[in-house]
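J.: Just dropping this structure here.
The values are calculated or read from the model by the stated rules, or taken from the named source; none is laboratory data. Since this is a predicted model, take the numbers as computed values, not measurements. Heads up, the Cβs are rebuilt from the backbone with ideal geometry, glycines too, and the neighbour counts pull from every protein chain shown.
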Amino acid sequence: MVPELPASAVGHALARRPAFTQRAAVLSPAALPALAAGESDPRVITGVAAARGKLAFLFSGQGAQRPDMGESLRVFPVFADAFDHVCRFLNPLLDRPLRAVITGTDQSLLDRADFTQAALFAFEVALFRLLESWGMRPAYLAGHSFGELAAAHVAGMLTIRDAAELVAARGALMRDRPSGGAMVSVEADEGEVLASIAGLEDRLGVAAVNARRSVVLSGAEPEVLAVAADFAARGRRTKRLGLRHATRSPLVEPMLDEFRAVAARLSYQDPRIPVVSGLTGRIAEPGTLSNAEYWVRHVRQPVRFADSVRTLADAGVSLFADLGPSSVLSAPAQETTDRVVAPMAPSVTAAVAKLWGARGRAGPGGDVQRLADPDDVAEQCDTTEENLEHLLKHVGQQTGTSPGLPDFRFAKIYVRHAPDIPYVVGKFRRAFGENTEIRVLNVDLCRSDLLLEVEGVVAMA
């Protein structure tokens, strides 16, 4: 349709256009009027693209923390800026700077409830912002236990100031609860566990139903361990969780009134991105999450994670991204659904490549935006300082544009043997500036090869 331009240039430009649901192929220029008028013509082929699966983000709760979480991702300015922004609101509410605790050598301090919850909140919000900057738009959000607070914030329900206050209050009140509780994961279904604690409901409770036969029991230590021992004697697997407090059990009830007072003075909005309620396992209706009483019940009532995953799958989600620093949600999610689950730990870029490789562009609900094949790579290099510096100087000249077409100005770079992917990506971003968008298109984990797309590049001297 643009006779003065080669077909390859036209196709190249068309490949950069958004993928609309309504599609048409015109086999002859003479058939264009028929297409424009909506008339039938044998030279015009029309159709509606079938929607592919939607993307959901999963936010981990307490227990997913680890030392130095997020430090390797600070090569991405979006992550670093978002993390530091959250810390500016959290740090005045903590007794020492949050990042110093994360990077420190005292694991017991990081495992303290106030720092654990603050650290997970900051990490998961920053990782959401990073993935968002790479073009990943989730159709749904779901959080496991405390992770639902991070989901609520990024969904627009709570401002960062109010979210930080709620996070800090929740962590501090849990920190100050007396010891004497325990939590144990049991290989059993919910009905079996409820039967085993009948008559002990004032001391024990179900904290989470993570999968069909994965239930967390919480409460007073002697009774919890006795019930766990009974299941172990029946050949069931049990595992005591490394948490200091028996969350979601009768032992947390004394803190609820004080937490309610904090939650009641905050402002809530309905989410802009649909959120699955961890208490019901269903997509939250308007008004369900945007009130203080919900977050008070959220401290005490069990997490219905397995139901949440089933709800998302039924809603058309085929791609799950586990945003926790230790990816503890991936196993129970994969046990519940046969859809693609991508753990963001240990490698965020590998997880993103897995999602793209699963052909994650979906329908109007929002999803991974593009999967590109490395068939028109502008430059290649091995990962050495000398080669990278040479590439940074010359890749801006490879713009991929043609006269007469919109100037998208982009280049694809195939970097071989990249053992530290965040370092390589960060180096490109620092070189090209904040107005440059850098997307990871693919990762070959066996050879540590990396395919990047750099958009907005200008020629560098």
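J.: Looking at (1) over 18 Å from F79 (Cβ atoms); (2) modelled with pLDDT of 95 or more; (3) buried (at least 24 other Cβ atoms within 10 Å of the Cβ), which one does F146 not meet, given that it meets all the others?
T.: Failed condition: (2).
J.: Restricting to segment 156-183, and then to whatever is in contact with a strand residue (DSSP E or B) (Cβ under 7 Å, 6 or more places away or on another chain) and among the small types (G, A, S), can you tell me which residue is surrounded by the most Cβ atoms within 10 Å (Cβ to Cβ)? Explain how you work it out, then say what you get.
T.: Our first condition is that a residue be in contact with a strand residue (DSSP E or B) (Cβ under 7 Å, 6 or more places away or on another chain); within segment 156-183, this holds for 180-183.
Of the ones still in play, those that are also among the small types (G, A, S) are 180-182.
Details: G180: 12, G181: 22, A182: 24.
Looking at the filtered set, the residue picked out is A182.
J.: Assess whether A139 counts as being within 20 Å of S330 (Cβ to Cβ), surrounded by fewer than 24 Cβ atoms within 10 Å (Cβ to Cβ), among the hydrophobic types (A, V, I, L, M, F, W, C) and within 14 Å of the chain's Cα centre (by Cα). Walk me through it before giving the result.
T.: On the way: within 20 Å of S330 (Cβ to Cβ): yes; surrounded by fewer than 24 Cβ atoms within 10 Å (Cβ to Cβ): yes; among the hydrophobic types (A, V, I, L, M, F, W, C): yes; within 14 Å of the chain's Cα centre (by Cα): yes.
Against the criterion (within 20 Å of S330 (Cβ to Cβ), surrounded by fewer than 24 Cβ atoms within 10 Å (Cβ to Cβ), among the hydrophobic types (A, V, I, L, M, F, W, C) and within 14 Å of the chain's Cα centre (by Cα)), A139 qualifies.
J.: Is it true that some residue in segment 54-61 is modelled with pLDDT under 95, surrounded by 20 or more Cβ atoms within 10 Å (Cβ to Cβ), of a type in the set (A, V, I, L, M) and under 23 Å from D322 (Cβ atoms)?
T.: yes
J.: Still on this structure, please answer the following. Quick check on this structure: which one of A25, A31 is touching a Pro at 6+ places or on another chain (Cβ under 9 Å), more than 29 Å from G242 (Cα to Cα) and modelled with pLDDT under 95?
T.: Numbers: A25 fails: touching a Pro at 6+ places or on another chain (Cβ under 9 Å).
Going through A25, A31 in turn, just one is touching a Pro at 6+ places or on another chain (Cβ under 9 Å), more than 29 Å from G242 (Cα to Cα) and modelled with pLDDT under 95: A31.
J.: Right, here's the next one. Scan segment 247-272 for residues that are crowded, with 20+ Cβ neighbours inside 10 Å and closer than 29 Å to F128 by Cβ and report the count.
T.: Here is the first cut: in segment 247-272, the residues crowded, with 20+ Cβ neighbours inside 10 Å are 247-249, 251-252, 255, 259, 263, 271.
From the residues that got through so far, the ones that are closer than 29 Å to F128 by Cβ too are 247-248, 252, 255, 259, 263, 271.
Residues in segment 247-272 being crowded, with 20+ Cβ neighbours inside 10 Å and closer than 29 Å to F128 by Cβ: 7 in total.
J.: Moving to a separate point now. Do any residues in segment 222-237 that are over 25 Å from D202 (Cβ atoms) have Cβ atoms under 9 Å from those of residues that are assigned to a helix (DSSP H, G or I), where the two are at least six apart or on different chains, and which pairs are they?
T.: Hits for this filter: R237/F231.
J.: Something else about it: Are there any pairs with C-beta distances below 6 angstrom linking a residue in segment 84-110 that is crowded, with 18+ Cβ neighbours inside 10 Å to a residue that is aromatic (F, W, Y), with the two at least 6 apart or on different chains, and if so which?
T.: Sorted first by the residue in segment 84-110, then by its partner, the pairs are V101/F115.
J.: Just to verify a result, which residue in segment 159-178, among those that are over 29 Å from A211 (Cβ atoms) and in a loop (DSSP other than H, G, I, E, B), is nearest to the chain's Cα centre (by Cα)?
T.: T159
J.: Take G205 and decide whether it is modelled with pLDDT of 95 or more, touching a helix residue (DSSP H, G or I) at 6+ places or on another chain (Cβ under 8 Å), of a type outside the set (A, V, I, L, M) and closer than 17 Å to R300 by Cα. Steps first, answer last, please.
T.: Working: modelled with pLDDT of 95 or more: yes; touching a helix residue (DSSP H, G or I) at 6+ places or on another chain (Cβ under 8 Å): yes; of a type outside the set (A, V, I, L, M): yes; closer than 17 Å to R300 by Cα: yes.
The answer is yes for G205.
J.: Also, quick follow-up: Just name the residue that is farthest from the chain's Cα centre (by Cα) out of those in segment 282-295 that are buried (at least 20 other Cβ atoms within 10 Å of the Cβ) and in contact (Cβ under 8 Å) with a residue 24 or more places away in the chain.
T.: From segment 282-295, those buried (at least 20 other Cβ atoms within 10 Å of the Cβ) are 284, 289, 295; that's our starting set.
Next, from what is left, pick out any that are in contact (Cβ under 8 Å) with a residue 24 or more places away in the chain: 289, 295.
Values: L289: 20, W295: 21 Å.
Among those that are buried (at least 20 other Cβ atoms within 10 Å of the Cβ) and in contact (Cβ under 8 Å) with a residue 24 or more places away in the chain, it is W295.
J.: Shifting gears a bit: For segment 71-89, does any single residue satisfy the condition of being over 21 Å from R161 (Cβ atoms), modelled with pLDDT under 95 and more than 21 Å from the chain's Cα centre (by Cα)?
T.: No; the residues of segment 71-89 include none that is over 21 Å from R161 (Cβ atoms), modelled with pLDDT under 95 and more than 21 Å from the chain's Cα centre (by Cα).
J.: From S327, S318, which residue is under 15 Å from G61 (Cβ atoms), modelled with pLDDT under 95 and buried (at least 20 other Cβ atoms within 10 Å of the Cβ)?
T.: Going through S327, S318 in turn, the sole match is S327.
J.: Something else now. Can you tell me which residue among A188, A208, A198, A228 is among the hydrophobic types (A, V, I, L, M, F, W, C) and assigned to a helix (DSSP H, G or I)? Even if it seems obvious, please write down each step before you answer.
T.: Values: A188 fails: assigned to a helix (DSSP H, G or I); A208 fails: assigned to a helix (DSSP H, G or I); A198 fails: assigned to a helix (DSSP H, G or I).
Exactly one of A188, A208, A198, A228 is among the hydrophobic types (A, V, I, L, M, F, W, C) and assigned to a helix (DSSP H, G or I), namely A228.
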